[in-house]
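Below is one structure; the comments refer to it alone.
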Amino acid sequence: MGLLQDTIQRVRENELDEKTIAQLIGQLRLPKIIGLQTRLTAPYVLLTVLLALVGTYVVTRLVTSSIRERFDNQLLEASRVTADGIVQREKTHLAYLRLMAFTAGIPDALARRDADAARDLLWPLVLNNKVEALSIVDLEGKELITLVKDPGSDEYFTSREADFSSYALVRSVIEGKADPTGDKFCELLPTAFGPYLFSSAPVRDSNGQLVGILMVGSRLQSLLTSIKAQALADIVILTPDGEVSTTTMAPPPEGYGDVKLSQPEIAQELNLSSNTIEWLLTQSPTTRERAPPDVKIGWRSIGVTGARIKILADLMTDLILEELDAMEEECDAVVGIAINGIPIAAYVSEALECDFVIHRPHVGGDVKVGLFSHNYASVENKKVVIVDDVLGTGQTMENAIATIKDAGGTPLLALVIVNKSALDAIAGVPLRGLIRARAL
């Protein structure tokens, strides 16, 4: 107001000309004009910033989702190419074995246990076909002679008199085992040059009598290197214990650590029963014991979008309400079993307007240990419904029920998408599934 009063006084005293008065009036209006511009433009600036943030988030999610989907597809394709590459190598082994087994003089040499004669007859085939390893074994499982190529120099070394009788691909031939695919077998075997993929075949004389065994092998490292060029991906082979056996990746300075998952964790990831995973991990490729009955369950076509998961959760919510009405009970919380039960349980808890709990069944590979995530609700003094995707042997669900009871909760109902068992209750808790799938 000081500037305004001073200007008026000076105008009255005729001390200012017209140009000076105009400049002073402009100074008086400027703050008001600036304040009005700010009020008019600020909302639009804030709106522009908000739209930019939302757009950045959406684009980031789309790009991330696209990258993940491409990675998954590439992983599946690399897995398929790797499996096909190993099968093709086995077929190559079988072609070499047929050629060698029917080479004139080989049955007689093996019947006489004449290792030098057998070596001389087969050496041209080994050299011309660049066979990395050839072993000739007698009927007792004893090595007559082995020719193996040194990976560093391409020279061939020989060894004799090793005991191969403990190897399944040798024992199966000696015992005369066969299956619908034939009487040839394969197995990964350790050697001084690293693991080798070996295939074995019987050698019979003109009367059809077994006189010996031939084994052709490929160094696993060189095999994976050739497959890598086709798969366009690095390949890692793990032992049943989760240790790195062979890989095409450059080793880190500190060496490789263990990549270990417990059998229940593998079963949960593959949606197979623990019994099936145990069978897969303990059987060699030549073992012909019958696999436990199981059904592979996959629901990725549903799990890729939240909208489809919600539809599935709505079905489960309807079934839960039906069961609770029959019990004349109400639940206080929904427990989702990690990992696949979590998104379903989140939607179900929202529909039932009750608490959301996450149960992690396997810690440190110990199936008997379970815990709850402290970032979510607890089960103490609450009646709960347990949600998971697939029930196989029921170990995971039993673990969850026991953990809930130990924490002071009361399990009312266990619900899964697919029940692969014949159970209608588990650990005294009613069990329901949207779908029952069993091998008969």
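Data overview
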quantity	calculated
Per-residue HN-Hα couplings for the range 133-150 [Karplus 6.51, -1.76, 1.60; θ = phi - 60°; Hz; x = Gly/Pro]	7, 9, 10, 10, 10, 8, 6, 9, x, 8, 6, 7, 6, 10, 10, 9, 7, 6
Neighbour net charge for His93 - beta-carbon separation under 12 angstrom, K R +1, D E -1	+1
Environment charge at Phe164 (Cβ cut-off 12 Å; Lys +1, Arg +1, Asp -1, Glu -1)	-3
15 Å beta-carbon shell around Glu140, net charge (K/R +1, D/E -1)	0
Greater than 23 Å apart at Cα, pairs in Lys142/Lys177; Lys382/Lys420; Lys177/Lys420; Lys91/Lys130	Lys382/Lys420; Lys177/Lys420
Inter-probe distance in nm under a simple model that places probes 7 Å from Cα toward Cβ, at Phe157 and Phe102	3.5
Nonlocal amide H pairs with Asp355, under 5 Å, H built at 1.01 Å	Ala333, Val334
Principal axis dimensions, largest first and in whole angstrom, of the range 76-196 by Cα	49, 39, 27
C-alpha center-to-center spacing [the range 378-440, the range 79-120] in angstrom	52
Full-stretch length increase - His374, Lys142 - with 0.36 nm per residue and alpha-carbon distance subtracted	77.5 nm
Those residues of the range 113-156 whose amide nitrogen sits under 19 Å from the label point placed on Ser165, 7 Å along Cα→Cβ	113-114, 136-146
Listed peptides 335-347, 168-180, 217-229 by packing density, highest first (mean Cβ within 10 Å)	335-347, 217-229, 168-180
Likely footprinting exposure, Glu132, Glu350, Glu161, fewest C-beta neighbours within 10 Å first	Glu161, Glu350, Glu132
Estimated FRET transfer efficiency when R0 is 56 angstrom, pair Ala425-Thr225 (beta carbons, to 0.05)	0.55
Pairwise centroid distance, computed over Cα atoms, of the range 315-349 with the range 210-234, Å	50
Peptide ranges 101-108, 391-398, 139-146 listed from the most packed, as the mean C-beta count within 10 angstrom indicates	391-398, 139-146, 101-108
Whole-Hz couplings from phi, Karplus 6.51/-1.76/1.60, listed for the range 154-165; x for Gly and Pro	6, 7, 9, 10, 10, 9, 9, 6, 6, 9, 9, 5
Taking the C-alpha atoms of the range 300-436, convex hull volume expressed per residue in Å³	106
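Read-outs: derived from the displayed coordinates by stated rules, not from any lab. Keep in mind it's a predicted model, so treat the numbers as computed, not measured. Cβ: placed from backbone, ideal geometry, glycine included. Neighbour counts: every protein chain shown.
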